[in-house]
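Peer 1: Here it is, the structure, as structure tokens.
The values are calculated or read from the model by the stated rules, or taken from the named source; none is laboratory data. Everything quoted here is computed from the prediction, not taken from an experiment. When we count neighbours, we look across all protein chains shown, and the Cβ atoms used for this are built from the backbone with ideal geometry, even at glycine.
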Amino acid sequence: MAGAVGRPRKNSPRRRGSTAREEILDASAELFTTQGFATTSTHQIADAVGIRQASLYYHFPSKTEIFLTLLTSTVAPSTQLAARFGDLDLPAPMRLWALTAAECRLLLSTRWNVGRLYQLPVASSEEFESYHRQRTQLRQIFFDIAAEIVGADDPRADLPFHIAASVIEMRANDGVVPYPMSLDSLPDVAIMLADAALTVLNTPLPENRVEVTLGLLSQDSE
């Protein structure tokens, strides 16, 4: 009988993920967040996954592309959520609360603290310009919504973005998901930080903020 066609593994699956691509991202997230970008090789990533190094390049053309994919994963979902706000009749406080909670929820839902990656020196490289644009766009969205509440000249308008990002410093990087994704509830930390984003602007908290946000996130998952 002829052998199976494809790119065989060196060993059985050893990473989290339903596909080889997801396993590569999981291994890369661990290595990048624990030992840095420069000191992580594609050989190490492939070995951590249990595949041949050549097989890794079938899924990602370079280590840089893996890093960019992980970076983008920290901002793209929130940017997509914010893009839907234009079609919804929601007041600024509700939009800002939902965006903050959603970003925190995202950053708390991964095994490895991928939010830390933007803090690495290599993240400022021009190679990751597409990520820089997305992160700048997301920061501007936060600012614009906050400016609707306090005015664009108020320095507090830039605080909600940083409050959301502070969740990175509030979680471990031990391979355990702090708060698995759920469409029925939000992490307590996400609720706390979203509340803080409005409190710093001295604006009342929407009474149905959790329910509205869960509804928006449910629609995004469809």
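Peer 1: Which is under 24 Å from Met181 (Cβ atoms) and either at pLDDT below 95 or in contact with an Asp or Glu (Cβ under 7 Å, 6 or more places away or on another chain) (or both), of Phe67, Phe85?
Peer 2: Just a single option satisfies the conditions, and that option is Phe85.
Peer 1: Evaluate segment 93-103: report whether one residue or more is buried (at least 23 other Cβ atoms within 10 Å of the Cβ), among the acidic types (Asp, Glu) and either within 19 Å of Met170 (Cα to Cα) or without any contact (Cβ under 8 Å) to a residue 60 or more places away in the chain (or both).
Peer 2: yes
Peer 1: Okay, moving on. Looking at segment 144-164, I want the residues that are over 10 Å from Leu201 (Cα atoms) and assigned to a helix (DSSP H, G or I) and have a partner that is modelled with pLDDT of 95 or more and hydroxyl-bearing (Ser, Thr, Tyr) with Cβ atoms under 6 Å, at least 6 apart or on another chain. Which pairs are those?
Peer 2: Ala164/Thr100
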